[in-house]
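Asks: Right, I'll just put the structure down here and ask away after.
The values are calculated or read from the model by the stated rules, or taken from the named source; none is laboratory data. The structure displayed is predicted, hence computed values, not measured ones. Here the Cβ positions follow ideal geometry from the backbone for every residue, glycine too, while neighbour counts run over all protein chains shown.
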Amino acid sequence: MKRFVGRTLLAVLVAGGAAVAIWGWVQARYDRLVLTDLASTPARPVAIVFGAGIRPGGGLTPMLTDRMDTAVALYRAGKVRKLLVSGDNRFLDYNEPGAMYDYAVAQGVPPADVVRDYAGRRTYDTCYRAGAIFGVERAILVTQRFHLPRALFTCRNLGVDAVGFSADRRVYWSNGYYRFRDAFATLRAWWDVKIARPLPVLGPPEDMGL
């Protein structure tokens, strides 16, 4: 039993150390691609907006509201021509991309310029499908600052030439938790991109009109 506990503890320490090391490398390498100034942001054909949860009534969470507001601001400034809103839609009563689409259209973005990705269940899936299904080659990634280095690492290693734009428009009470979780999510992203290369849900190509 002592040997088992010792090996388990060692495995946990090794996994934790690897997660922190890979997270640190990804932060150092990709944080330089994070933008915060709208005026100096280079134009790209599309903004990829990552889902961040919807409430039981269908409203957006504060994080997702800020991502959508940021994406709409990029669109209004002429920095992007299309919004690719990507999220989870596995359950009948949970339609994340649909809620994101409705929000953007309510803000004045033409429906034809908002494209829904219904199988963006996680960052890897969104990045993979952006290229494989929607033909995205160059994009601005829209999400919170803590998430952007991992998203940039994933998309750029899957063939999407991306820069990131920070959607931090307020202080989030759960920011500490998400930063902690992101270290382990970054380890999984590294494994997926460099080793496993799993196939997400795919389907026929969709023309975004880029």
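Asks: If the Cβ limit is 7 Å and pairs must be 6+ apart or interchain, which residue in segment 28-57 that is within 24 Å of D117 (Cα to Cα) pairs with which residue that is of a type in the set (D, E) and surrounded by 12 or more Cβ atoms within 10 Å (Cβ to Cβ)?
Replies: Hits for this filter: G51/D88; G51/E96; I54/E96.
Asks: With the requirement that a residue be acidic (D, E), over 17 Å from G53 (Cβ atoms) and in a helix (DSSP H, G or I), what does segment 175-207 give you?
Replies: Within segment 175-207, the first condition is being acidic (D, E), and the residues that meet it are 182, 192, 206-207.
Remaining after also requiring over 17 Å from G53 (Cβ atoms): 192, 206-207.
D192 - this is the single residue of segment 175-207 that is acidic (D, E), over 17 Å from G53 (Cβ atoms) and in a helix (DSSP H, G or I).
Asks: Next up: Which one is modelled with the lowest pLDDT, of the residues in segment 5-33 that are surrounded by fewer than 17 Cβ atoms within 10 Å (Cβ to Cβ) and of a type in the set (V, I, T)?
Replies: Applying the filter and picking the extreme gives V5.
Asks: For A52, only one of the following conditions fails: (1) more than 22 Å from T36 (Cα to Cα); (2) small (G, A, S); (3) part of a loop (DSSP other than H, G, I, E, B). What is its number?
Replies: Unmet condition: (1).
Asks: Name the residue, out of Y118, Y103, Y172, that is surrounded by fewer than 19 Cβ atoms within 10 Å (Cβ to Cβ), hydroxyl-bearing (S, T, Y), under 14 Å from G53 (Cβ atoms) and out of contact with any Cys (no Cβ under 7 Å at 6 or more places or on another chain). It would help to see each step written out before you state the result.
Replies: Values: Y118 fails: under 14 Å from G53 (Cβ atoms); Y103 fails: surrounded by fewer than 19 Cβ atoms within 10 Å (Cβ to Cβ).
Checking each option against the conditions leaves just Y172.
Asks: Another question about this same structure. Which of the residues spanning segment 127-139 are surrounded by 24 or more Cβ atoms within 10 Å (Cβ to Cβ) and within 23 Å of D69 (Cβ to Cβ)?
Replies: C127, A130, V136, A139, listed by residue number.
Asks: Looking only at segment 63-90, count how many residues are assigned to a helix (DSSP H, G or I) and surrounded by fewer than 20 Cβ atoms within 10 Å (Cβ to Cβ). Outline the logic, then answer.
Replies: First, pick out the residues of segment 63-90 that are assigned to a helix (DSSP H, G or I): 63-76.
Adding the requirement that they be surrounded by fewer than 20 Cβ atoms within 10 Å (Cβ to Cβ) leaves 65, 69, 73, 76.
Summing the residues that are assigned to a helix (DSSP H, G or I) and surrounded by fewer than 20 Cβ atoms within 10 Å (Cβ to Cβ) in segment 63-90 gives 4.
Asks: Moving on to the next point. Any residue that is within 19 Å of L148 (Cβ to Cβ) and either charged (D, E, K, R) or more than 16 Å from the chain's Cα centre (by Cα) (or both) - is there at least one of those in segment 46-63?
Replies: Within segment 46-63, not a single residue is within 19 Å of L148 (Cβ to Cβ) and either charged (D, E, K, R) or more than 16 Å from the chain's Cα centre (by Cα) (or both).
Asks: Regarding P110, is this residue closer than 15 Å to A47 by Cβ, modelled with pLDDT of 95 or more and either buried (at least 20 other Cβ atoms within 10 Å of the Cβ) or not charged (D, E, K, R) (or both)? Spell out how you get there, then give the answer.
Replies: Values: closer than 15 Å to A47 by Cβ: yes; modelled with pLDDT of 95 or more: yes; either buried (at least 20 other Cβ atoms within 10 Å of the Cβ) or not charged (D, E, K, R) (or both): yes.
Answer is yes for this residue.
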